[in-house]
1. Out of the stretch 92-137, which chymotrypsin sites (Phe, Trp or Tyr not before Pro) are coil in DSSP terms and have no more than 14 other C-beta atoms within 10 Å?
2. Each label point is 7 Å from the Cα along the Cα-to-Cβ direction; what then is the distance between the points at residue 7 and residue 140, in nm?
3. Run the numbers for residue 53 and residue 105: contour at 0.36 nm per residue of separation, minus the present Cα-Cα distance, in nm.
4. Quick one: among 150, 172, 41, which has the greatest mean-square fluctuation in a GNM of the chain with alpha-carbon springs under 10 angstrom?
5. Would you please report the Å³ per residue occupied by the convex hull of the alpha carbon atoms in the stretch 127-192?
6. Taking amide H atoms as placed 1.01 Å from N in the peptide plane, list the residues 5 or more away in sequence, or in a different chain, whose amide H sits under 5 Å from that of residue 46.
7. Using Cα pairs closer than 8 Å and at least 6 residues apart in sequence, work out the relative contact order for the stretch 1-100, in percent.
8. Got a number for carbon plus sulfur as a percent of the stretch 117-225's accessible area, 1.4 Å probe?
Amino acid sequence: MAAKPPAPPAPRLYLATPVIEDPAALVGTLPALLGKADVAAVLLRLAPSDPRSLTSHIKAIAQVAQNADAALLVEGHADLVARGGADGAHLPGLAPMQEALPALKPDWIAGCGGLTTRHHAMSAGEAGADYVLFGEPDTKGQRPSADAIAERVEWWAELFEPPCVAYAATLAEAEQFAAAGADFVLVGDLVWNDQRGAATALAEVEQAIKQGHAALLARFQAAQG
């Protein structure tokens, strides 16, 4: 008799920072925020600057994130990952990821977004991406519908091994993408722009993910009979 497949694990949070010019404020607030929820990783988004300043910014945030057992990934700047003490880089597209791989592998994480087609997503996975991201806004702020993102997440989760990250712009999307089988749910403005405070927003996102995962487990158990 074939062994039953394991139940899908609960998705974890992936927190994108605002675009940072000076890390001081974030260094002051991030420890408490990371203590409020199970955040697996932080995506550091940096404003343009010289390499020395950028490296200093990465070092400051890396220490805070890693002290909270969260990985720090830098958006772009694969060449600064090692010097800044980060855990990896997130690259905005298949070509940038392929270009960055020699600098990152095998010691650092290489994540890939900007994957507008299934073919690009599969190519990223085959090239060595440690995760793929679906649903983030493009340079014009446009993104697919939530249903289209959920469909892409479900397709990937059923067929491929590398983890899948889904970008959620609302609580409803966080729940929907968790129910679709995302391994991680990435949130950014949803948390930072909440007038009640980032900690309150992050706790609500975590609860939405739990609700989505519960729905996924219910479907899984029903399918197992």
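The values are calculated or read from the model by the stated rules, or taken from the named source; none is laboratory data. All values derive from a computational prediction rather than experimental measurement. We place every Cβ from the backbone using ideal geometry, glycine too, and count neighbours over all the protein chains shown. For accessibility, only protein heavy atoms count, side chains too; no ligands or nucleic acids. Shrake-Rupley method; radii C 1.70, N 1.55, O 1.52, S 1.80 Å.
1. Loop-located and lightly packed - none at all.
2. Placing both labels 7 Å beyond Cα along the Cβ direction yields 4.4 nm.
3. 16.3 nm
4. 172
5. Roughly 89 Å³ of hull volume per residue.
6. 20, 75
7. 24 percent
8. That fraction is 52 percent.
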